[in-house]
């Protein structure tokens, strides 16, 4: 008898979940934007964040042109009359709190810190959108591409991730995992950076990486990106084969990270060939 | 001069060598200094020549310049509270630099960045001198400085917030607090002409500043052209502070602390204080820059944090001492 309410609830949930996900979804986080655009049913996604259209940050800038954009402000999102808002862990709590008080359902997505996390995010997005089947298809495809990739040897070239403000990323970050999946060792691991952190330029120079993976500066220069133009960085970048650059594919935990891995693996192959010929 | 000059110079040199051997890379002092002259050390030579050497040179050039500018301004205004950072000259220079970077002038013109900072500094010094008046009373001087600092800081933040570059907003701290981390020889060449020109101009003022201690009328009867003196002071200070701020951000309090400590040692004579403060400024900035590397080696602690922690209590002390004049 005690089980009955539980079973009834599960039945009700299954019945509604089968054909009725939310009908008007607004995403206000770059990564949720992209997952939602991949998985939502036609007409289900009402708006994405404006950053989704920024080609430097978004791997789906073209697709995002089809959706109205929001700027992550409670007022404009409320006026869109969504029945579900998907926010990221870094969305302002004031905004999500306000939306909840106004009676809007809000789901917060945590950032993906590994290639395994990406699988969980795909499933989570399928769940909240009521599009589990679409999520399973996407996941199967992702797993297949991922399995084809992983081959990091002990003699693999050493690479350094170096971004604006001298930031580097270790193995507990998505960027670090992309590096590993591409068959590269990360100097951040040698230096004890598990997550992201400021790496003094001296340490970068002393560790003498085979490949330097930088970021390309944004238009309208800023001093934070000065470090990428430092003679030491230029010299290290010139030693590695080509201009390895992180782009929009690196930013979010979506299947697009595999494209970043594939491009980087290609760079690694070219580097190994060049070394072998010398 | 030599009695004070020799020990100060010796300390500058000693700190310069120490500065070359301090850094996150864990290398012995002997090896690192040898690597500076020998290509055989591989990456260490790169570190020494491209990272530590410019950093140490910049600390000497910028510290010396800021100390000198502080001593000159205090000599002219006959007010120990006049310091480029406190009266808004550094923040105005930072505004000029930020504008140059954001409009692309810094990238398209070789000397665009320091020239823009110089223009900002000129506007700042000019405004302060105009607002504070020829006597430079403490109250008007500090009020003018607060107003100009606030205005320049607000405009700097506005420019950085309007920038489409997502990193720009993070830079506000750099421009307000200053740092010498990850600078290159390029920055040394950017600041050097401005620091040398400014210093040369300020050092010519020595005799005039000495005469001014007797009062403006006395100075004029001694043949000092006060208008010319003021013009040279404005240009010299702006050149030094503009160049320094363009590459290292606004570093405050050096021009306040150093002349204050050295004044009794030179018998309160402005002409001798100029030289001594230049050396003293180089010492203080080198100490601060070594401190930020020892305290938080991996975090890029800002220089202004250290100089303000030392300088702000002294500033309070000076206000306390001069408050009779303020009342």
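Out of all the residues in region B:286-302, which are assigned to a helix (DSSP H, G or I), away from every other protein chain (no Cβ under 11 Å) and either touching a residue at least 12 places away in the same chain (Cβ under 8 Å) or under 14 Å from residue B:251 (Cβ atoms) (or both)?
If we filter region B:286-302 for residues that are assigned to a helix (DSSP H, G or I), which is where we start, we get B:286-295.
Adding the requirement that they be away from every other protein chain (no Cβ under 11 Å) leaves B:286-292, B:294-295.
Across region B:286-302, the qualifying residues are B:286, B:287, B:288, B:289, B:290, B:291, B:292, B:294.
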For residue A:268: the one exception among (1) away from chain B (no Cβ under 14 Å); (2) surrounded by fewer than 20 Cβ atoms within 10 Å (Cβ to Cβ); (3) touching a residue at least 40 places away in the same chain (Cβ under 8 Å): (2)
Among (1) out of contact with any helix residue (DSSP H, G or I) (no Cβ under 7 Å at 6 or more places or on another chain); (2) modelled with pLDDT of 90 or more; (3) not in a helix (DSSP H, G or I), there is one condition residue B:251 misses while meeting the rest; what is its number? (1)
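How many of the residues making up region B:31-58 are buried (at least 20 other Cβ atoms within 10 Å of the Cβ) and away from chain A (no Cβ under 12 Å)? First the steps, then the outcome.
To start, the set of residues in region B:31-58 that are buried (at least 20 other Cβ atoms within 10 Å of the Cβ) comprises B:32, B:35, B:44, B:46-48, B:50-52, B:54-58.
Now restrict to residues that are away from chain A (no Cβ under 12 Å): B:56-58.
Of the residues in that region, 3 qualify.
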Can you tell which of B:80, B:114 is assigned to a loop (DSSP other than H, G, I, E, B) and touching a residue at least 12 places away in the same chain (Cβ under 8 Å)? B:80
Being assigned to a helix (DSSP H, G or I), surrounded by 15 or more Cβ atoms within 10 Å (Cβ to Cβ) and in contact with a strand residue (DSSP E or B) (Cβ under 9 Å, 6 or more places away or on another chain) is the filter here, so list the residues in region A:90-132 that pass it. A:95, A:96, A:99, A:121, A:124, A:125, A:128, A:129
In region A:161-222, which helices (runs of 4 or more DSSP H) lie fully inside it and hold 1 or more residues that are touching a residue at least 40 places away in the same chain (Cβ under 8 Å) and either at the interface with chain B (Cβ under 9 Å from one of its Cβ atoms) or more than 20 Å from the chain's Cα centre (by Cα) (or both)? A:201-207
Filter region B:14-43 down to the residues that are touching a residue at least 12 places away in the same chain (Cβ under 8 Å) and outside any helix (DSSP H, G or I) and list them by number. B:22, B:23, B:24, B:25, B:27
Which ones in region A:237-264 are in contact with a helix residue (DSSP H, G or I) (Cβ under 9 Å, 6 or more places away or on another chain), farther than 25 Å from residue A:88 by Cα and modelled with pLDDT under 85? A:237, A:240, A:241, A:242, A:243, A:244
So, in region A:253-278, how many residues would count as being over 12 Å from the mean Cα position of the chain (by Cα) and assigned to a loop (DSSP other than H, G, I, E, B)? 1
Residue within region B:178-192 that is outside any loop (DSSP other than H, G, I, E, B) and more than 14 Å from chain A (Cβ to nearest Cβ) present: yes
Output the residues belonging to region A:223-240 that are surrounded by fewer than 20 Cβ atoms within 10 Å (Cβ to Cβ) and either at the interface with chain B (Cβ under 8 Å from one of its Cβ atoms) or without any contact (Cβ under 8 Å) to a residue 24 or more places away in the chain (or both). A:229, A:231, A:234, A:235, A:238
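The values are calculated or read from the model by the stated rules, or taken from the named source; none is laboratory data. None of these values were measured; they are calculated from a predicted model. Note that we place each Cβ from the backbone using ideal geometry, even for glycine, and neighbour counts take in every protein chain shown.
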